[in-house]
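Have a look at the structure below, then the notes.
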Amino acid sequence: MKKGIFITFEGIEGSGKSLQLKLLKRFLLKNGYDVISTREPGGTEIGKKIRRILLEPSNKITSYAELFLLLADRAQHIEDIILKNLNEGKIVLSDRFFDSTIAYQGGGRMIKEDVLKKIMEFDIFSIKPDLTFLLDIPPEVSLKRLKKIDRIESQEIEFHRRVRERYRKIAESEPRFYMIDATDDVKNIHNKIKEKTMEILRRNNL
């Protein structure tokens, strides 16, 4: 059986990535593709519990405790959801993956890059997406879109600026990234995502 395709959506809070993932999933299903969607944190039953801890505004979590909670979520997520479905030949769409860790923990929390690189060397974390959409938007714009604020979203504006800047640096160095102006119209963004996705699927004879 041919291995599936792994597509991730990245961006700061309020970028619209979750909506665009849903729109792409709907499009792919309508066109007969076998596709599943998931997210980080919270893509598994254990992950949902970790997500509640991470996002609860009253929780005071240190930078490294936050990092290791996210990694625990990802280790479970990769084995239970991502690898299983890719091995079944499905298209896997994930709302966030390891680029979020580099951007948020490396950029936002300013954890040293060499620490994050060493962690990514573990076999369980070696899987890479085939395509990553980065919905790029200034935090001054994106944060105004939010209705309910969680622990991450409530960070100071400079935190979100650092996260955005780190995302942009990753995108410059990774050919799998496709950066989109997230201030554009929802339909225009969706069309760009559809076109790029179909290009990747055709390239892989899917």
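Within the range 126-133, identify whether any single residue is hydrophobic (A, V, I, L, M, F, W, C), surrounded by fewer than 20 Cβ atoms within 10 Å (Cβ to Cβ) and closer than 22 Å to LEU69 by Cβ, and answer yes or no. The answer is yes; a qualifying residue exists. Does the range 173-191 contain at least one residue that is surrounded by 17 or more Cβ atoms within 10 Å (Cβ to Cβ), assigned to a loop (DSSP other than H, G, I, E, B) and among the small types (Gly, Ala, Ser)? Yes, there is a match, as at least one residue in the range 173-191 is surrounded by 17 or more Cβ atoms within 10 Å (Cβ to Cβ), assigned to a loop (DSSP other than H, G, I, E, B) and among the small types (Gly, Ala, Ser).
Residues being out of contact with any strand residue (DSSP E or B) (no Cβ under 7 Å at 6 or more places or on another chain), part of a loop (DSSP other than H, G, I, E, B) and surrounded by 15 or more Cβ atoms within 10 Å (Cβ to Cβ) are represented in the range 24-41 by at least one member. The condition (being touching a residue at least 40 places away in the same chain (Cβ under 8 Å) and within 24 Å of ARG74 (Cα to Cα)) is satisfied by just one residue among ILE137, ILE124, ILE180: ILE124.
Number of residues in the range 79-101 that are touching a residue at least 40 places away in the same chain (Cβ under 8 Å), in a helix (DSSP H, G or I) and among the acidic types (Asp, Glu): the value is 2. Could you go through the range 89-108 and let me know if any residue there is small (Gly, Ala, Ser), touching a strand residue (DSSP E or B) at 6+ places or on another chain (Cβ under 7 Å) and within 16 Å of GLN20 (Cβ to Cβ). Yes, the conditions are met somewhere in the range 89-108.
When ASP114, ASP123, ASP185, ASP130 are checked against the criterion of being within 21 Å of ILE82 (Cα to Cα), charged (D, E, K, R) and more than 19 Å from the chain's Cα centre (by Cα), a single residue qualifies: ASP123.
Please work out if LYS90 is modelled with pLDDT under 95 and not β-branched (Val, Ile, Thr). No. Of all the listed residues (TYR104, TYR167), the sole one being closer than 23 Å to HIS77 by Cα, assigned to a helix (DSSP H, G or I), aromatic (Phe, Trp, Tyr) and modelled with pLDDT under 95 is TYR104. I need the full set of residues from the range 1-23 which are of a type outside the set (D, E, K, R), touching a strand residue (DSSP E or B) at 6+ places or on another chain (Cβ under 6 Å), surrounded by 17 or more Cβ atoms within 10 Å (Cβ to Cβ) and not in a strand (DSSP E or B), in order please. Correct list: GLY4, GLY11, SER15, GLY16, LEU21.
If you go through the range 154-172 and keep only what is surrounded by 15 or more Cβ atoms within 10 Å (Cβ to Cβ) and in contact (Cβ under 8 Å) with a residue 60 or more places away in the chain, you end up with HIS160, VAL163, ARG164, ARG166, TYR167, ILE170.
The values are calculated or read from the model by the stated rules, or taken from the named source; none is laboratory data. These numbers were taken from a predicted model, which means no experiment stands behind them. Quick reminder, even Gly has a Cβ in these numbers, built from the backbone with ideal geometry, and neighbours come from all protein chains shown.
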